[in-house]
Amino acid sequence: MPAVRTGPIIGLTFQVALLATLAGTVGLGAAGWLTGAGYGLVVCAALSTGLSRAGAGALGPADRVTLTRATLVGGVAALTVDSFERPAPVGVLVALASVALVLDAVDGAVARRTGTVSALGARFDMEVDAFLILVLSVDVARPVGTWVLAIGAMRYAFVAAGWVLPWMRGALPPRYWRKVVAATQGIVLVAATADVLPRPLTAAAVAVSLALLVESFGRDVGWLWYRPPRPVRRQKFLVSAVVKEVSR
């Protein structure tokens, strides 16, 4: 019988509690409830599966910070979907997204300080970031234009391309600029959601943000396409060549 990991269950409990709080304060319709609850269930199931595959019995300290971020993102998603039926509480939405962005700088620092950096934690962090950007781009697309959706869809298109093109599945080297661009997307989209700038200036800022994202993903795709052969492949080639020479 598989072990029950309480971390994801606790995260789901807090997700429902956040949705209930939003419903009791700013209001939350059926669409928002379904979105937030469905998102919470997906996060709980995916995180439980990840822990099982990693052979981990519990979440690390940095993972708990990321789970807190994921809960806030669930609230942002619920409010965004709910805003299609009623005026959105922009202040609450921006506050939740802003705290989630701030915590993005915390979980990595906690992981490094506590020596608990893991592949699961890095993937969890990346998926939460990607979903927050997707949700914010949906919210900003209505006043600015549907082209903003390209920001939120970029990472998922990259993953989908890997299903079709095997060479796109290679591991990318760490690159600090990639993190800068990712942070820029969140900051610009939150500012656009808050509607604190004139509309033309907001559109220009989002356009620049999209251009940076295209450059970053383009560079990654280029590296995957032109990357040098792996050492293992070179070794196999050399061994094959030696065998042929000996057999002559």
Top of A20, A183, A100 by mean-square fluctuation, Gaussian network on the chain, Cα under 10 Å: A20
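Take every Cα pair under 8 Å in region 1-135 that's 6+ residues apart, average their separations, divide by the length, and report that relative contact order as a whole percent. Each step should come with its number before you reach the end.
Details: 145 pairs, mean separation 40.0, N = 135.
In percent, rounded to a whole number, it is 30.
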Selected from V99, V140, V164 as most flexible by GNM, with the chain as the system and alpha-carbon contacts under 10 Å: V164
Average projected area [Cα convex hull, region 6-247], square nanometres: 16.2 nm²
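Which ordering of T184, T114 is given by a fewest-first count of other beta-carbon atoms within 10 Å? Before the final figure, lay out the partial values.
On the way: T184 16, T114 11.
Ascending number of Cβ neighbours within 10 Å: T114, T184.
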Per-residue HN-Hα couplings for region 58-68 [Karplus 6.51, -1.76, 1.60; θ = phi - 60°; Hz; x = Gly/Pro]: 7, 6, x, x, 5, 4, 5, 5, 5, 5, 4
Theoretical ellipticity at 222 nm over the chain - DSSP helices of four or more residues, -39500 (n - 2.57) apiece, nearest 500: -28000 deg cm²/dmol
The chain: most fluctuating residue of V148, V92, V196 per GNM, C-alpha cutoff 10 Å: V196
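DSSP loop (so not H, G, I, E, B), at most 13 other Cβ within 10 Å: list which trypsin sites (Lys or Arg not before Pro) in region 158-218 pass both filters. Walk me through the intermediate numbers first.
On the way: sites: R169, R175, R178, K179; in loops: R175.
Taking region 158-218 and a limit of 13 other Cβ atoms within 10 Å, the loop trypsin sites (Lys or Arg not before Pro) found are R175.
Which value, in debye to the nearest 20, gives the size of the charge dipole of region 6-247 about its Cα centre, when Lys and Arg are +1 and Asp and Glu are -1 at the Cβ?
Details: 21 positive and 13 negative charges, 225 e Å.
The calculated dipole for region 6-247 is roughly 1080 debye.
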Relative contact order [Cα under 8 Å, 6+ residues apart], the chain, whole percent: 16 percent
Rounded to whole Hz, the Karplus (6.51, -1.76, 1.60) HN-Hα couplings of region 100-117, x for glycine and proline: 4, 5, 5, 5, 4, 7, 8, 5, x, 5, 5, 4, 5, 5, 8, x, 10, 5
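Just so you know, all these numbers are worked out from the coordinates, no wet-lab data involved. If you're wondering where the values come from, they're calculated on a predicted model, not measured in any experiment. Ideal geometry is used to build each Cβ from the backbone, glycine not excepted, and the neighbour counts take in all protein chains shown.
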